[in-house]
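Engineer: Here's a structure for you.
The values are calculated or read from the model by the stated rules, or taken from the named source; none is laboratory data. Since the model is a prediction, treat every value here as computed from it, not as a measurement. A quick note on method: Cβ atoms are made from the backbone with ideal geometry, for glycine too, and the neighbour counts reach across all protein chains shown.
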Amino acid sequence: MDVTVRAGFFEVDTPQDTVAEIQRLCATLARSRTPGALEVQHEGKTYGLANAKWDSGDDCLSGTIFRVRDRRLPSKLKGAVVQALNISADENLGEPASFAYSPRRKLALVEYNHNGPRHCALRAFLYHAGLSGPVNVTQRLRQDAAARLKKAKLVRKIEFGFTSAAINELAAVREAGGAIADTLDAMADVEGFSIHVTISMGREPGGLGEKARRILEALQNGGTSISTLKAGIKETDEHLTDLIDFLGSSDTVEFTCTEAGRELNHAECRRKLVFALKKHAAK
């Protein structure tokens, strides 16, 4: 059976490290074969990296990252009969997301899995391999949306919705302070909630200021936990307010993969991600 896989492009910026150094770290990750060597803690969650492969000719690291689930596991169902999963104490569940990453192109392509790891996990593995400087992983927008936001004279309105899974990924918003940061801090320990926020100038003239642009940038990195992300902009004083839907403007690809048993064929998914990344970069 074929299933549709959706993946998003992310720009990976490592301003203090050379491309050659990042390539060396990618090769180090691919060589790690010791059990547990490719397991990291990040933002209170555990992630594992499997089937890491470094292709120096294509300048591409690929692999599958798993978000480890060791608590509140799902149950096994057969009709109306509910049973606990029969796994041993040293076994856990893994929610997967495959990826392809090119240091020279400064570009990554990450599979979307609502229950799986976010793109920020890629950053955690680069640090695990020995990265010393900062690394910024930001969602790439289609050129029309990115250009329009950059050209906008005023940001009049921000509208966004998110789930509890996004809390730890919105550190930049929380650090900005203000009422939004207070709301995020208050909800940080609550699970299973959904929040929708609208900030608008209403009928008042002017715009929301530079903090609004910083919030938009941070929200663009919230991955699949962000359910809504829109901005009302004005390109000139006389221009009507236009609405940009950032989620509808994200740079994404879709392709089909077969299922191996009841799981996605991760090897096929990784091959298609590498192909799509190279094709996109060649445009």
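Engineer: Any residue in region 110-138 that's more than 21 Å from residue 274 (Cα to Cα): show its pairings with residues that are surrounded by fewer than 18 Cβ atoms within 10 Å (Cβ to Cβ) and modelled with pLDDT under 85 at Cβ separation under 7 Å, as long as the two are six or more apart or on different chains.
Structural biologist: none
Engineer: Filtering region 46-77 down to residues that are touching a residue at least 60 places away in the same chain (Cβ under 8 Å) and of a type in the set (D, E, K, R), which residue is farthest from residue 127 (Cα to Cα)?
Structural biologist: 58
Engineer: In addition: Looking at 238, 263 in this structure, which one is at pLDDT 85 or above and farther than 28 Å from residue 136 by Cα?
Structural biologist: So the residue among 238, 263 that is at pLDDT 85 or above and farther than 28 Å from residue 136 by Cα is 263.
Engineer: Moving on to the next point. What pairs come out if I take residues in region 78-103 that are of a type in the set (S, T, N, Q) and surrounded by 10 or more Cβ atoms within 10 Å (Cβ to Cβ) and pair them with residues that are outside any strand (DSSP E or B) and modelled with pLDDT of 90 or more whose C-beta lies under 6 Å away, six or more apart or interchain?
Structural biologist: Matching pairs, first to second residue: 98/266; 98/269; 98/270; 98/273; 102/59.
Engineer: Among the residues in region 110-117, are any surrounded by 20 or more Cβ atoms within 10 Å (Cβ to Cβ), in the same structural domain as residue 13 (by TED's automatic domain parsing) and assigned to a strand (DSSP E or B)?
Structural biologist: Yes, region 110-117 contains a residue that is surrounded by 20 or more Cβ atoms within 10 Å (Cβ to Cβ), in the same structural domain as residue 13 (by TED's automatic domain parsing) and assigned to a strand (DSSP E or B).
Engineer: Looking only at region 41-51, decide whether some residue is assigned to a loop (DSSP other than H, G, I, E, B), of a type in the set (D, E, K, R) and touching a Leu at 6+ places or on another chain (Cβ under 7 Å).
Structural biologist: no
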